[in-house]
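The values are calculated or read from the model by the stated rules, or taken from the named source; none is laboratory data. Since the structure is predicted, the reported quantities are computational estimates derived from the model, not experimental observations. FYI the Cβ positions are ideal-geometry reconstructions off the backbone, even for glycines, and counts take in every protein chain you see.
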Amino acid sequence: MLSAKLSRYDILSQQEKLMRYTIRKGAQTSPWIQTQLKRAGLTPDDIRGKEDLAKIPFTTKQDLRDNYPFGMLACPLEDVVRFHASSGTTGKSTVVYYTQQDIDTWAGLMARVLQTTGLTNRDIMQIIYNYGFFTGGFGFHYGAERLGVSVIPSGSGNTKRQIEIMRDFKTTSFTSTPSYALHLAEVAREMDVEPSSLSLRQGVFGGEPWSEAIRRQIETAFGIDAYDNYGLSELCGPGVACECEEKDGLHVWEDYFILEVIDPETGEVLADGEKGELVFTPLWKQAMPLLRYRTGDISRIMDDECGCSLPFKKVERITGRSDDMLIIRGVNIFPSQIEEVISQHPAFRGHYQIVVEKQGAMDALSINMEVTDSLFSGNIKDLLHIQKDLQERIRSTFFISADVKLVEEGSIPRSIGKAQRVIDKRGEQQ
């Protein structure tokens, strides 16, 4: 957990010490790190400071897939106490291994997250994440227990039961994807339970990019403070960075991770404040040490000081992934940018879907956006006005046209995990 006495000097000193240890140890035990150093013609002694990290080649998700299942292992198999893995829906799974010390460190990092977002041992946290190979459920569970929070491991799905548990156990905090939090509020109202009447006071959300408009909708529906957290399975799961009470950027635990921001095209390291792809080097992993892991997530290091007392630098909330970027008629757009535009409209309810397809030789963009049922029972001119307004907002922002379709509440499929915001049909039409 966090020490009130931790300073920038302490953080940077630990970074340098653990970085050198990680590289020396990895050169002895990790076949992958040995390969990285050999490719670059380096020895551990060539990496004296953080600025030397740029000499080392990146590690990518494809490297993890190519080394499936045990090629990234850096300890005896008998020392591994846990495996987590991705679904492998777009290729081979990426597998992550943990020793008991890795699990203990992860629990401490997650306890920091929850402590930073205001949880204490007086809280009851309901964890609405899958407890399988996905890291989210276990990460929050161990972190909450380490902090002394009472845990309800309700898992994912069975939405009505989730609401009943919140009501009966007087849950004060919950964690899920932000899209599922909106769905919980909808189902609660269907059950004649006003979400804000529950005992909830805060929630911690992640697993998908979400806008400030979505945050406001969650906070208004439940009467809570909604916090963003960041992590990914290849590093540990959740527990890499989180928001503080200021809700203005995510503090990165720099004493356990080295962060770089690079140009996604050239790999050049960018200065603080410049937007690019996040690259992390974890400094604590025994079973699976990694050097310069490319996350694919787009953000920037914020160069302004935070109003809280934490000495850790912040990154801006994730705006999208480099591999999620849509190229439509030569224009590069992230789905989160489209959300940012449509979410400014008063009719936005939080649920939408982007569809990209071919119409002849041209790309066609359409956006299905839910609005309240009352609009469909009113004047058709109101719907046409909203539709025209949204289409103009898209055109003036991105300089491309989009067909905005207003659909009734509940018509866009809900998910217990990450919402499917984009359907790209162009590959099917070739």
- Message: On the basis of being of a type in the set (A, V, I, L, M, F, W, C) and surrounded by 13 or more Cβ atoms within 10 Å (Cβ to Cβ), does residue 354 make the cut?
- Response: yes
- residue 252 is checked against (1) β-branched (Val, Ile, Thr); (2) without any contact (Cβ under 8 Å) to a residue 60 or more places away in the chain; (3) under 25 Å from residue 138 (Cβ atoms) and fails just one. What number does that condition carry? (2)
- Item | Hey, residue 15 in the same structural domain as residue 268 (by TED's automatic domain parsing) and surrounded by fewer than 16 Cβ atoms within 10 Å (Cβ to Cβ) or not | no
- Task: Considering each residue of the range 233-248, count those that are buried (at least 22 other Cβ atoms within 10 Å of the Cβ) and farther than 17 Å from residue 57 by Cβ, and give that number.
- Result: 9
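Looking at this structure, is residue 78 charged (D, E, K, R) and under 20 Å from residue 279 (Cα atoms)?
When the stated conditions are applied, residue 78 does not pass them.
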- Message: So residue 314 ticks every box in (1) surrounded by fewer than 23 Cβ atoms within 10 Å (Cβ to Cβ); (2) in contact with a Cys (Cβ under 9 Å, 6 or more places away or on another chain); (3) not polar (S, T, N, Q) but one. Which box is left unticked?
- Response: (1)
- residue 189 fails exactly one of (1) assigned to a helix (DSSP H, G or I); (2) under 23 Å from the mean Cα position of the chain (by Cα); (3) modelled with pLDDT of 95 or more, namely (2)
- Item | Matching option when the condition is modelled with pLDDT of 90 or more and crowded, with 19+ Cβ neighbours inside 10 Å, among 333, 298 | 298
- Options 71, 49, 41, 26; residue that is of a type in the set (Gly, Ala, Ser) and either outside the structural domain of residue 106 (by TED's automatic domain parsing) or touching a helix residue (DSSP H, G or I) at 6+ places or on another chain (Cβ under 6 Å) (or both): 26
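Return yes or no: is residue 147 in contact (Cβ under 8 Å) with a residue 60 or more places away in the chain and in contact with an Asp or Glu (Cβ under 9 Å, 6 or more places away or on another chain)?
Yes: the conditions hold for residue 147.
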